[in-house]
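Encoded as structure tokens, the structure appears first; notes follow it.
Here, each number is a calculation from the coordinates, and none is a lab measurement. If you're wondering where the values come from, they're calculated on a predicted model, not measured in any experiment. Quick reminder, even Gly has a Cβ in these numbers, built from the backbone with ideal geometry, and neighbours come from all protein chains shown.
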Amino acid sequence: MADRAGVSISTVSHVFSGRRRISAETSARVQEAAAALGYRANPSARSLRTGESGLLGLVLRPRDAVAGSLAGTETFTRFSGAVAAATLATGRGLVHVPDLLNVDSQRVPMDGCIVEAPYGSDALLRELHSRGVPVVCADVDPDHPEDAWSVRVDYGAAVTQLLEHLHAHGATAVVMVSGTEDNAWNRFSRQAYEAWCARTGSQMRLYSLYEGAGATGAQELAGPLLDAPDRPDAFVVAATRFAIGVAEAAEMVGLRMPEDLQLAALTDSDLVRLHRPPITGLDLRMEELGRRSVDLLLRRIQEPDPPLRQETVRPEIRWRDTTR
């Protein structure tokens, strides 16, 4: 290429690496020579030389993240889309990594990784740290909630606001159906419910259900409770598919919403927005979480010192017809 373009070998190298300014005319001659000779820069070789792949990694930790998105719960598709758009806007690429604890995944090149909804003391985070990969948590590790290299979602304030509203509008027996994944969403929502029950003297009626059980699992759980003499007058459930199941159970025993039963979900999707009646949901603002996570990861790649203040996203309650 150097012979064909009439330049030095180092000039050809600088044209493809972009590490030194080359005139537009010279660069064009080199590119024409490369095209004529059928040359393409090898990204793997380039990453070996520069130590950068130009890729960010993304791991969705909850077991039902992908299946739940395909079933319409929307949370992780919104988050993944925001991360992809924010990453591409920086000129980098994004790679979804299904299982970083699998030995085959060690070949996945990435300059840093976002871990969404990590488990408490997550083994995956330890693995990434041991590899020297810069990591940012999108939502905190619940065992290390103050980690500055995390974007925190403030579930506690939103859940408390929701419970206070239900109570102020007549709810005296509130059931919470939490998910079983040990992440901040489930753990901190449960803690907010437990604290509210203790503060108000309300009976705690807390149940756990694997997120993958979906509407069917929630219907089977809620049916006997709603058909009992001491039936609850409000449900707060983790997933929107849980909310659909509770709504179906209420309809089967002839309960009206919100007159006989108030219902809210701790996330939001078309499943609850388009339900009849529309179901109150907690918008976790996944787009903002995704954008902030990318910004924080790029900062960690470029700067070793953590930020002085942890990033926080505050969810918003979308009030609809199933709450008074």
**Report entry** Dipole moment magnitude, nearest 20 debye, the chain about Cα centre, only Lys, Arg, Asp, Glu C-beta charged
**Finding:** 1320
Query raised in the report: Counting other C-beta atoms within 10 Å, which of 144, 129, 14 has the fewest, and how do the rest follow?
Result: 129, 144, 14
Query - Tilt relative to the chain, helix 214-226 - C-alpha long axis, 0 to 90 degrees, to 10 - result: 20
Query - Most mobile of 190, 314, 29 in a GNM of the chain (Cα contacts under 10 Å) - result: 29
Report summary line: Per the helix-only model, the chain has a calculated mean residue ellipticity at 222 nm (DSSP H runs of ≥4, -39500 (n - 2.57) each, divided over all residues, rounded to the nearest 500) of -13500 deg cm²/dmol
Report summary line: Mean projected area (nm²) from the convex hull of Cα positions in region 155-283 is 6.9
Query - Principal-axis tilt of helix 75-89 within the chain, Cα atoms, nearest 10 degrees - result: 20
Query raised in the report: If you count, for each residue, the other Cβ atoms within 10 Å and average over each peptide, how do 256-262, 80-86 line up from highest to lowest?
Result: 80-86, 256-262
Query raised in the report: For residue 305 and residue 204, what does the FRET efficiency come to when R0 = 51 Å and r is the distance between their Cβ atoms, rounded to the nearest 0.05?
Result: 0.75
Requested in this report: Let me see the pair-distance distribution of the chain: every alpha carbon pair, 20 Å bin width, integer percents in order.
Outcome: 29, 44, 19, 7, 0
Query - Computed label-point distance, nm, for sites residue 230 and residue 31 using a 7 Å Cα→Cβ extension - result: 7.5
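Can you tell me the FRET efficiency between residue 321 and residue 130 if r is taken as the Cβ-Cβ distance and R0 is 41 Å, rounded to the nearest 0.05?
Working from the Cβ atoms, E equals 0.25.
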Query raised in the report: Which residue fluctuates the most in the chain, going by a Gaussian network model with Cα springs under 10 Å, if the choices are 89, 158, 234?
Result: 89
